[in-house]
Amino acid sequence: MENTKSIEETILMYTSAWNETERDKIREKIDQCWSPEGTYTDKLTDTITGRDAITNLVISSYQTMGPRTFKVLEQPVNHHRSGRFRWMAIFPEGYPAEGMDYFEFDEQNRITRIVGFF
């Protein structure tokens, strides 16, 4: 049985990295929750690999999305080292955008793969 609390903490750390604006702070959080070979993709992003790549994606997202605050909407659901969680991005204008991420994780509860849906 997986350590659900650690998975919840991993997802909260990952989501909070998207709320940071400084590269060093983003990278510090990514280092805590992301596998060195972890991958990410969504409908706008071809698959990227590694901590540098996900850090760069978070930084570049401010150019495409602008300022926002991400929050997890409900506890992640997981089994067999995979799961999903729902999130919301709230923009300064007050409108929200919801999405869902599918994730996989390793034995250290670090994210090895995210596929984002929004």
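The values are calculated or read from the model by the stated rules, or taken from the named source; none is laboratory data. These figures come from a predicted structure and were not determined experimentally. Reconstructed Cβ throughout: ideal geometry from the backbone, glycine too, with neighbour counts over all protein chains shown. Side chains are part of the model used for accessible areas, which takes the heavy atoms of the whole protein and leaves out ligands, DNA and RNA. Shrake-Rupley method; radii C 1.70, N 1.55, O 1.52, S 1.80 Å.
Table for the structure above
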{"item": "Charge dipole (the chain, unit charges on Cβ, about Cα centre) - positive-most of G94, M13, G66", "result": "G94"}
{"item": "Given charges at beta-carbon only (K, R positive; D, E negative), |dipole| of the chain in Debye", "result": "140 debye"}
{"item": "Top of N19, N56, N78 by mean-square fluctuation, Gaussian network on the chain, Cα under 10 Å", "result": "N56"}
{"item": "Cα→Cβ-extended label distance, 7 Å offset, between R23 and V77, nm", "result": "3.9 nm"}
{"item": "Relative contact order computed over the chain (Cα-Cα under 8 Å; 6+ residues apart), in percent", "result": "26 percent"}
{"item": "Candidates I26, I11, I90: whichever shows maximal mean-square fluctuation once the chain is modelled as a Gaussian network with Cα springs under 10 Å", "result": "I90"}
{"item": "Contour minus Cα-Cα distance for M100 and T64 (0.36 nm per residue)", "result": "11.1 nm"}
{"item": "Simple label model, 7 Å out from Cα along Cβ direction - T45 to F91, nm", "result": "1.8 nm"}
{"item": "The chain - percent of accessible surface contributed by carbon and sulfur, probe 1.4 Å", "result": "50 percent"}
{"item": "Over the chain: helical MRE at 222 nm, DSSP H runs n ≥ 4 each giving -39500 (n - 2.57), nearest 500", "result": "-11000 deg cm²/dmol"}
{"item": "Å² of accessible area per residue within the chain, as computed with a 1.4 Å probe and no ligands counted", "result": "57 Å²"}
